[in-house]
Amino acid sequence: MKHLNLIWFLASLASAGEPSVQSFTLDEHSVRVIPVSRTRVTTFCFPSAPQAISGSNLTADGRTPGTIQFDFKPGSFFFTVRALAPGAVANLNVLWNRRVYVFELTESNVPVLSVLLEPPVIRTVAPSAVTVSPTRLLGLLQMAKAQAALAAHHPSALQGVTSIKPKRICDYGDFLIHVEQVFRFDEEDTLVFRLRLENRSNAPIRYRAGSFVLRVGDRLFSQSISDASGLLSPNTDQPVWFAVTGLPDGSRHELSLNNDFIVLVSRESIP
C-alpha cells in the first residue's frame, strides 16, 4: 500500500507542471537517459529492493566528489537522486534480481520526477532445435576436463554448467565402466561423462571408441563425441570422455543429472 501511495503522490505532483513521470519495463540491454533537477529530487521505484547501486560522478553525502547526489537505504524498493551542479552528468548502475540496469542521469530544467520500473516480460519459448558444431563439442570436452582450474580462476566460464559425481559402476564381467563425473551444459543440452574403463582380465580388450551409448531407463542416446583410445591393456584402467547431445530429430533431451545412467560400449574381437 505504501508503494502505491508513493507512486500516486509522485504522479500527481508531476502532472501539475512540466516535470514528468516515466514508466517503463526494465531492460538490461539498453541505457535509459533520465533528466534530473538541481531543486527537486527524482525517485526511482523498483518492483522490489535493489541489491546494490554504483556509478560514476555519484555522491551519497554531498561532500565526497560527485555531481549528482543519491540517497538509497538498503532494503528499500526506491531511491532518490538530485543534480548538484549545472550540466551535471552521471551514470547509475542498479543491480536488481541478479541483473544490472544502466541509467544516464543528466541535469535539466525539465526533469523526470518519478521513474516507475516494471519487471522484465518473461516470454515462454518452445525448446528450439539443438545445433552444436563439432568444434563446440570439442570445446565442451576441454571445459569439462579443465573444470577444476576454471572453477578456481575463471568461474564465470562455468555459468550454466552443473555436475555430479555419481560413482556408478557398470559391471560387464572382465570389463568395468566407472562413471566418475557427469557435467550438464544446459545451453547446448549436452551431458559430458568422465569415465574410467577397467580391464580386469589378463588379455587386452578392444572396443569401438565411437560407440558409446547412454541408457536412461528404456531410452538410448548415442554419443555426439568421445575421447577414447579403443584399446585396454591387461589389468589396467584408463580415463575416457564422451558426450550426448539432444535427440536425433534435433530437439532437446533435457536429461537431468539425477538420472540413473548406464553406459554401454561395443567391444571388438582381437585377432
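The values are calculated or read from the model by the stated rules, or taken from the named source; none is laboratory data. Keep in mind that this is a model prediction, so the values were computed, not measured. Neighbour counts run over all protein chains shown; Cβ positions are idealised from the backbone, glycine included.
Which of the numbered conditions does Asn235 fail, given that it passes all the others? Conditions: (1) modelled with pLDDT of 95 or more; (2) at negative phi.
That leaves (2) as the condition not met.
Being buried (at least 21 other Cβ atoms within 10 Å of the Cβ) and at positive phi is the filter here; which residues of the stretch 240-258 pass it?
Within the stretch 240-258, Gly246 is the sole residue that qualifies.
Look through Arg208, Arg194, Arg200 and report the one residue that is buried (at least 18 other Cβ atoms within 10 Å of the Cβ), basic (Lys, Arg) and in the same structural domain as Leu141 (by TED's automatic domain parsing).
One residue alone meets the criteria, Arg194.
Residue under question is Val192, and the condition is that it be among the β-branched types (Val, Ile, Thr) and under 18 Å from Ile169 (Cβ atoms); does it hold?
no
Within the stretch 209-225, is there a residue that is under 20 Å from Ala146 (Cβ atoms) and either not in a loop (DSSP other than H, G, I, E, B) or not hydrophobic (A, V, I, L, M, F, W, C) (or both)?
Within the stretch 209-225 (the criterion being under 20 Å from Ala146 (Cβ atoms) and either not in a loop (DSSP other than H, G, I, E, B) or not hydrophobic (A, V, I, L, M, F, W, C) (or both)), the answer is yes, since at least one residue qualifies.
In the stretch 241-271, which residues are among the acidic types (Asp, Glu) and part of a loop (DSSP other than H, G, I, E, B)?
Passing the criteria: Asp249, Glu254, Asp260.
Return yes when Leu4 is assigned to a helix (DSSP H, G or I), modelled with pLDDT under 90 and exposed (fewer than 11 other Cβ atoms within 10 Å of the Cβ) and no when it is not.
Against the criterion (assigned to a helix (DSSP H, G or I), modelled with pLDDT under 90 and exposed (fewer than 11 other Cβ atoms within 10 Å of the Cβ)), Leu4 qualifies.
Residues are listed down the side, and each one gets a yes or a no for (1) among the charged types (D, E, K, R); (2) over 10 Å from Phe242 (Cα atoms); (3) in contact (Cβ under 8 Å) with a residue 12 or more places away in the chain:
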{"position": "Asp174", "(1), (2), (3)": "yes, yes, yes"}
{"position": "Glu180", "(1), (2), (3)": "yes, yes, yes"}
{"position": "Phe183", "(1), (2), (3)": "no, yes, yes"}
{"position": "Glu188", "(1), (2), (3)": "yes, yes, yes"}
{"position": "Leu191", "(1), (2), (3)": "no, no, yes"}
{"position": "Val213", "(1), (2), (3)": "no, no, yes"}
{"position": "Ser229", "(1), (2), (3)": "no, yes, yes"}
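Filter the stretch 60-83 down to residues that are surrounded by fewer than 19 Cβ atoms within 10 Å (Cβ to Cβ) and closer than 20 Å to Arg32 by Cα and give me whichever is farthest from the chain's Cα centre (by Cα).
If we take residues in the stretch 60-83 being surrounded by fewer than 19 Cβ atoms within 10 Å (Cβ to Cβ) and closer than 20 Å to Arg32 by Cα, then Thr67 is farthest from the chain's Cα centre (by Cα).
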